[in-house]
Each structure stands twice: as C-alpha cells, then as structure tokens.
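Everything on this sheet refers to the single structure shown next.
Where a number appears in this text, it was derived from the coordinates with a stated rule and is not lab data. Here the structure is a predicted model, which means the values were calculated and not measured. Here the Cβ positions follow ideal geometry from the backbone for every residue, glycine too, while neighbour counts run over all protein chains shown.
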Amino acid sequence: MPHPHARHALVTGSTSGIGLAIARALAGQGIDITLNGFGDAAQIEGVRAGIATEYGVRVRFDGADLRDGAAITAMVAQAASEFGTIDVLVNNAGIQHVSPVEEFPLEKWNDILAINLSAAFLATRAVVPAMKARRWGRIVNTASAHALVASPFKSAYVAAKHGVAGFTKSVALELATHGITINSICPGYVWTPLVEQQIPDTMRARGLTAEQVKRDVMLAAQPTREFITVDQVAALAVFLCSDAASQITGSNIAMDGGWTAQ
Ligand code: NAD
C-alpha cells in the first residue's frame, strides 16, 4: 500500500516501456500521475485518458524535453501547481547509444549525460524543497545494471548510470532526516523499445546477427536467461514508495536475473 502522503507522482519518460509501466502501477495505487516523454500526440492522449479511466485518477501529460533544464524546472512547477504537490518523483527517462569510444559522437554523449543523469539532478533539485516542507517524499531513479558494472561500447550510458548511482547515495544522506528516500532500481535487460532499438547497432559493433545479440550478448549476461518485465520493475517502484520501504534509502537495487552477482 502506498503511504497516504503519496498522492501525485511525476514519472519522466513515461510514454513508453518501463516508465509507462511505473506510471500505470502507481495509478493503480490511486496516485495521480504526470506523464512525460516523446511520441505521437494522439497515441499519448490515448494512453493518458486510458490510465485516468482505468484507475480513476487524474492524469496529465507534459512533453518537456529533458535535455532542456528550463523545461524541467517548468514541468515541475506546473505539475506542482496543478496537483498541489509532487510526492513521488520517478527519474526514469533514458536513452542509449552503442558505439566504440573513438567513434562516439559528442552530441550523443551530451544527450545521454543530459537525459540519463543531469535531468535526474535537475528534477530532484526542483522537487526537494516542497518535499522537505511536507517532511515526506519518494524519489525513485531507473538506473541500470550498468550503474553497477560495465559493458563495452556503452561508455556514455555506463558513465551516466554510475553517476546516477553516486547521486542517489549522496542525496540520500542529505535527505535522510527529512522523511524523503531516494533509491535507484538497477534492472538488467528489460524487453522494451530501448532494448529492441539497440540490436542493429550491437549487430554492427560486434558483427553478430539479431538472434546472436539477444542470446549471446544480452541474455548471456543474465544467468536466468530471461528478460525482466516492465511490470516487475514497476512493482519494485511501487514498493519503494510504500511505508514499508521508509528505511530503504541510498540503495541501488539490482533486478537483473543474477547478472551483477557474477
Ligand atoms: P523506452 O525507450 O521504452 O522509454 C524511454 C522513455 O524516455 C520514453 O518515454 C521516451 O519518450 C523518453 N525520453 C527519451 N528522451 C527524452 C527526452 N529528451 N525528454 C523526455 N523524455 C525522453 O526505454 P526503457 O527501456 O523503458 O527505459 C527507461 C529507463 O530504464 C531508462 O533510463 C533506461 O536507461 C533504463 N533501463 C532500461 C533497461 C532495459 O533493458 N530496457 C535496463 C536498465 C535500465
């Protein structure tokens, strides 16, 4: 059960994949939702209205581009003014680019650092004052197994996700006595568009077929040999927002089929 203070959650990157599953799961707990992300406007409106109807909560959408710091600050201010508070912040949006480091395009590096790391800082910075004033808050980051260990050809992503892990620990110490927890979920391979889209680049970078990438690169890292589901990640996010999780803070929690145990 969510804490009674958990009334409104802002979930970044929630038009697709893990973020959408987290938004649905929080809505299923009776929490109002601000969605964020890119996509086809009509499709997003369908998702927004669908969640509102299915779970009987208020759902709004903000298309802020998380590479734009001012847009993040404006999104947080707007969400807080329309729903009163932001009790739960889920820093989930993320992108990937797979390339040898010597060919890694600077724009991709900058985008990955901005979306996967700096956006979490900017959104956290913006929500914390009101959470402190209310003496309650939950911040959940979608990090990655790549916050804990590395893979080749993902230098920007691994750097950004390790950054999220460190950010999580540092901010947890600052907020520990304020009733606010911050944790990261570190999933292994979850079957989402982000994973599907990196298959062609990985095929090129490693000279493999699509089936070989799935079996020999992705699931080879994961002892269970199974993809994680978005609903499993979402269930952990819901738990981290509960009262039972009030003493979990500063943790980077693996959900990776045993990957980082090796
Ligand atoms: P996805 O591509 O399905 O979803 C990414 C979301 O981020 C989308 O809603 C997209 O519109 C949004 N987004 C991208 N760029 C944005 C920007 N500039 N501004 C605002 N929104 C933006 O990917 P996913 O697999 O669901 O990934 C979600 C998170 O989970 C990411 O942080 C990713 O790194 C992390 N993750 C994914 C996996 C996996 O295997 N899929 C594993 C570990 C961690």
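Over region 1-147, Cα pairs under 8 Å with separation of 6+ residues give a relative contact order of 26 percent.
Taking region 30-99, how much of its Cα-Cα pair set, in percent, is spaced more than 13 angstrom apart? When all Cα pairs of region 30-99 are counted, 69 percent exceed 13 Å.
Bridgeable lysines around Lys154 (alpha carbons under 29 Å apart, same-chain partners fewer than 8 residues away excluded): Lys108, Lys169, Lys214. What you get for the chain, charging only the Cβ of Lys and Arg (+1) and of Asp and Glu (-1), is a dipole of about 560 debye around the Cα centre. Given in Å, the Rg to one decimal and the Dmax to the nearest whole number for the Cα atoms of region 182-262 are 14.9, 48.
For region 146-202, the Kirkwood hydrodynamic radius from C-alpha pairs, put into Stokes-Einstein at 4 °C and a viscosity of 1.567 mPa s, yields a diffusion coefficient of 99 µm² per second. Prolate is the label for region 128-240. Its Cα gyration tensor axes, ordered a ≥ b ≥ c, give a/c of at least 1.5 and a/b above b/c.
Legend: helices of the chain (whole DSSP H runs) are marked when their alpha-carbon atoms reach 24 angstrom or more along the helix axis and their mean Kyte-Doolittle hydropathy is at least 0.0; marked are 155-175. Overall size of the chain from C-alpha positions, given as principal axis extents largest first: 52, 41, 34 Å.
Take every Cα pair under 8 Å whose residues are at least 6 apart in sequence, average their separation, divide by the length of the chain, and the relative contact order is 21 percent.
When you restrict to C-alpha pairs under 8 Å that are six or more residues apart and normalise by the size of region 137-204, the relative contact order lands at 42 percent. For the chain, the 222 nm mean residue ellipticity estimated from helices alone, with every DSSP H stretch of n ≥ 4 adding -39500 (n - 2.57) and the total spread over all residues, rounds to -13500 deg cm²/dmol. Charged side chains reduced to their Cβ positions (Lys and Arg at +1, Asp and Glu at -1) give region 131-262 a dipole of some 340 debye around its Cα centre. Loop-resident trypsin sites (Lys or Arg not before Pro) (DSSP state other than H, G, I, E or B) in region 91-189 with no more than 12 further Cβ atoms inside 10 Å of their Cβ: Arg135.
The separation of region 86-157 from region 173-201, counted between C-alpha centres, amounts to 8 Å.
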